[in-house]
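Chemist: Dropping the structure in here first, questions after.
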Amino acid sequence: MPNFPDWHGTTILAVRKGGSTVIAGDGQVTMGQTVVKSAARKVRRLADGRVLAGFAGATADAFTLIERLEAKLEQYPEQLARACVDLAKDWRTDRYLRRLEAMLLVADKGSIFTVTGVGDVLEPDIGVAAIGSGGNYALAAATALMDTDRTAEQIARRAMGIAADICVYTNRELVLERLDG
């Protein structure tokens, strides 16, 4: 699928538990096999701090998508699902947006969504979602930790550490944003 982004090069994890929603992202930026930056900020607050977004893929493409998502959130305030679906629809059908190679992980106090350029808007069953090259490692670790007494933030930090231990494209320089319910 030519429009599907390569998940290579980052790890973004969202965890919702106990009234808190957290998105954590590592800071590593690579070009091929070379680390060019170790403390990049791949997690942002949107909609006056009510929405969190993390991205994987091409940075300029991700910023374009985040700007579009912010516009959708202004158009549909307090309706994150509708804003994400509308963004995915535009992303899939617009000639310019179709070429963007990135993925978004978006959350508010009650929902988490993975948004892709192939039209997917996926909400996880258990309050954990991840994207990026280390995403599956972080997802597995966080899923295993969900039935412990750890908080959403503790789960995210531990799961991201496990992903950093396994994925060479993930580091321990975390940016973590939290929303409390």
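Every number in this text was worked out from the coordinates using simple rules, so none of it is lab data. What you see is a predicted model; the values in this text were computed from it and never measured. FYI the Cβ positions are ideal-geometry reconstructions off the backbone, even for glycines, and counts take in every protein chain you see.
Chemist: If r is the Cβ-Cβ distance from Tyr96 to Arg41 and R0 is 25 Å, what FRET efficiency results, to the nearest 0.05? If you can, show how the numbers build up before the last one.
Modeler: Details: r = 25 Å, r/R0 = 1.00.
According to the calculation, E is roughly 0.50.
Chemist: Using a 10 angstrom cutoff on alpha carbons, build the Gaussian network for the chain and name the most mobile of Lys109, Lys37, Lys17.
Modeler: Lys37
Chemist: Here's another thing I want to ask about it. Lys72: which lysines have alpha carbons under 17 Å from its alpha carbon, excluding same-chain residues fewer than 8 sequence positions away?
Modeler: Reachable lysines: Lys89.
Chemist: Still on this structure, I have one more. What share of all Cα pairs of the chain, in percent, falls into each consecutive 5 Å distance bin?
Modeler: Spelled out per bin, shortest first, that is 1, 10, 19, 23, 20, 15, 8, 2, 0, 0.
Chemist: How high is the FRET efficiency from Lys89 to Arg178, r the C-beta distance, R0 25 Å, rounded to 0.05?
Modeler: Working: r = 29 Å, r/R0 = 1.18.
Once the sixth-power term is evaluated, E becomes 0.25.
Chemist: Across the Cα atoms of segment 35-132, what radius of gyration and what greatest pairwise Cα-Cα distance (Dmax) are found, in Å?
Modeler: Over segment 35-132's Cα set, Rg and Dmax evaluate to 12.7, 39 Å.
Chemist: Something else: What's the extension gain from Ala140 to Met31 if we count 0.36 nm per residue and subtract their Cα-Cα distance? Could the numbers behind the result be given before it?
Modeler: Working: separation 109, 0.36 × 109 = 39.24 nm, distance 2.62 nm.
Here the segment from Ala140 to Met31 would lengthen by 36.6 nm.
Chemist: If you average the alpha carbon positions of segment 82-117 and of segment 15-57, how far apart do those two centres end up, in angstrom?
Modeler: Rounded to whole Å, the Cα centres lie 16 Å apart.
Chemist: Still on this structure: Select from Leu145, Leu105, Leu13 the residue whose mean-square fluctuation is largest in a Gaussian network model of the chain (Cα-Cα springs shorter than 10 Å).
Modeler: Leu145
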